[in-house]
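Working notes for the structure below.
The values are calculated or read from the model by the stated rules, or taken from the named source; none is laboratory data. Quick caveat, the model's predicted, so the values are computed rather than measured. In this analysis, Cβ positions are derived from the backbone assuming ideal geometry, glycine residues included, and neighbour counts consider all displayed protein chains.
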Amino acid sequence: MLLYGDVAEWNGFVQIPGALIAPMKDATAPFMPVYPQSEKHQVSTWTLHRAALDALRRIPTLDDPVPDRIRTARGLPTRLAAMRAVHVPDNAEDATVGRDRLAYDELLRMQLAMGVHRAAAKARPAVVHTPTGMLTRRWLETLPWALTGAQNRALKEIAEDLRSSSPMKRLLQGDVGSGKTATAIGAMLMAIEGGHQAALMAPIGVLVQQHYEEIAETCEQLGLRAVLVLRKNKVKARREALAGLESGEIHIAVGTTALLSEDVVFRSLGLVVIDEQHRFGVNQRAALIAKGPGGAVADELGATATPIPRTAAMTQFGDVDISILDELPPGRTPIQTLWEPVVPLDDADHTHWQFVRAQVDAGRPAFVVCPLVAEPETEAGQESEAQAAAAVETAVALDEGALSGLRIAVVTGRLKPADRAEVMHSFATGEVDVLVATTVIEVGVSVPNATTISSSPMSPFSARS
């Protein structure tokens, strides 16, 4: 009999708990591969091993997709030798070499497929930009601060992409406060300098409104026009906005997925900026960049502080170029995070709420976020009634307890966009001391004067800066 497993000692006896046992007639080598098993389908390691041995006996030769010169240069075994080493290894080293060769094949196939995809993408007709620096120089003169070295580096990389005859597909990654929005504005101005338009799409109305206000202020200083495109635009305002985009009188459109509507037509869309790009599907992003002029695709600039694993993988394998904003503007105070297991909502003497009160007294409003992490997941972008109720209940408890006397407001995804925007404006302008919210405010909402974010006790952490 052949036994395989970890050897242990128990009460003075040597044992192999959970050992794999097989007759020697079924084993052809002292090293046995362990395969995924299924009791439900009555598939065991030994069943699969016997099948592998039988298959290897029936394969005298095997075509190798890797040319001999490459295989020799890489020090790789043939594919058939790798198969034998994986299923019938003579020793552990051979098994490792065989597995590495098969892994090499998988990665090679992936790279070749992505190479074909990249070649096809680069072959698509694209907008060739001619940034002159005329608008960007004037814009930089209006800024009350200088761009960081990382922002200047990113803008240089973007400018090179814009001048190329191949479509740009670049990800702008940086922590909160690193200047992604300002960099995106600079990129859009480059597109406008060459006679094209730009569009910025963001996932939620609060963030869209914030971007629009900043972009509209920039445009006003430079003699340009920006427009807000939402699904709930008033009829007259929407008609005027669509006409301006189609005629080219409006230079920048800022909106949600309302930008994807068929009636949103651009005279010459040259650049698309997609904020929090991981919140949109591939088809949604493709639909917007397809609105480029004369069948050409617009250049694409994604932005995120939290790339999802798929996005990170795309940058690793070269499907997306990346610009990293790894510097924070001068004077940024480092963020401090404090974990507290319990923060009672009715204890005004608790050090946490005393800290919040001190910040409010100093003119610094505070966030209280209610993620309700135990709530079952809902559809993407959706907020459950329980999440909204948790925020309302927390606000009431704070108003009657720990933060009594302060001006407290609530924002949830269940509010109408206009009402939500009004509350956020009141918070940003100092008319509200404490904003209790769900994660509807999680992406990029900017209230520079706020210095404290507290989590609801339902999620035991708090952050202070």
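Using beta carbons and a limit of 6 Å, which pairs, at least six apart or on different chains, have the first residue in segment 215-239 and closer than 22 Å to MET188 by Cα and charged (D, E, K, R) and the second one modelled with pLDDT under 95 and assigned to a loop (DSSP other than H, G, I, E, B)?
Matching pairs, first to second residue: none at all.
Please enumerate the residues belonging to segment 377-427 that are touching a Lys or Arg at 6+ places or on another chain (Cβ under 8 Å) and modelled with pLDDT of 90 or more.
Those that are touching a Lys or Arg at 6+ places or on another chain (Cβ under 8 Å) and modelled with pLDDT of 90 or more: LEU403, LEU406.
Quick one: in segment 295-321, which of the residues that are at pLDDT 90 or above and not in a loop (DSSP other than H, G, I, E, B) is farthest from the chain's Cα centre (by Cα)?
In this case the residue turns out to be VAL297.
Can you pull out every residue in segment 324-350 that is within 18 Å of ALA146 (Cβ to Cβ) and modelled with pLDDT of 85 or more?
LEU325, ASP326, GLU327
Quick one: would you say ALA184 is closer than 23 Å to HIS129 by Cα and assigned to a helix (DSSP H, G or I)?
It is true that ALA184 is closer than 23 Å to HIS129 by Cα and assigned to a helix (DSSP H, G or I).
Look at segment 49-70 and say how many of its residues are charged (D, E, K, R), out of contact with any helix residue (DSSP H, G or I) (no Cβ under 9 Å at 6 or more places or on another chain) and over 28 Å from GLN37 (Cα atoms).
2
Hey, any hits in segment 44-62 for a residue that's out of contact with any His (no Cβ under 9 Å at 6 or more places or on another chain), within 28 Å of ALA19 (Cα to Cα) and not in a helix (DSSP H, G or I)?
There is at least one residue in segment 44-62 that is out of contact with any His (no Cβ under 9 Å at 6 or more places or on another chain), within 28 Å of ALA19 (Cα to Cα) and not in a helix (DSSP H, G or I).
Count, please, the residues in segment 145-159 that happen to be surrounded by 12 or more Cβ atoms within 10 Å (Cβ to Cβ), more than 21 Å from the chain's Cα centre (by Cα) and without any contact (Cβ under 8 Å) to a residue 60 or more places away in the chain.
3
So, ASP263, is that one under 16 Å from ALA298 (Cβ atoms) and at pLDDT below 95 or not?
Answer is no for this residue.
Go through the residues of segment 136-144 one by one and say whether even a single one is closer than 30 Å to THR218 by Cα, in contact (Cβ under 8 Å) with a residue 60 or more places away in the chain and either among the β-branched types (Val, Ile, Thr) or assigned to a loop (DSSP other than H, G, I, E, B) (or both).
yes
Does segment 91-111 include one or more residues that are outside any helix (DSSP H, G or I) and over 30 Å from MET188 (Cα atoms)?
There is at least one residue in segment 91-111 that is outside any helix (DSSP H, G or I) and over 30 Å from MET188 (Cα atoms).
Looking only at segment 89-100, decide whether some residue is surrounded by 15 or more Cβ atoms within 10 Å (Cβ to Cβ), modelled with pLDDT of 90 or more, over 29 Å from ASP6 (Cβ atoms) and of a type outside the set (Asp, Glu).
no
Checking the condition closer than 22 Å to VAL127 by Cβ and outside the structural domain of PRO417 (by TED's automatic domain parsing), which residue from GLY186, GLY205 passes?
One residue alone meets the criteria, GLY186.
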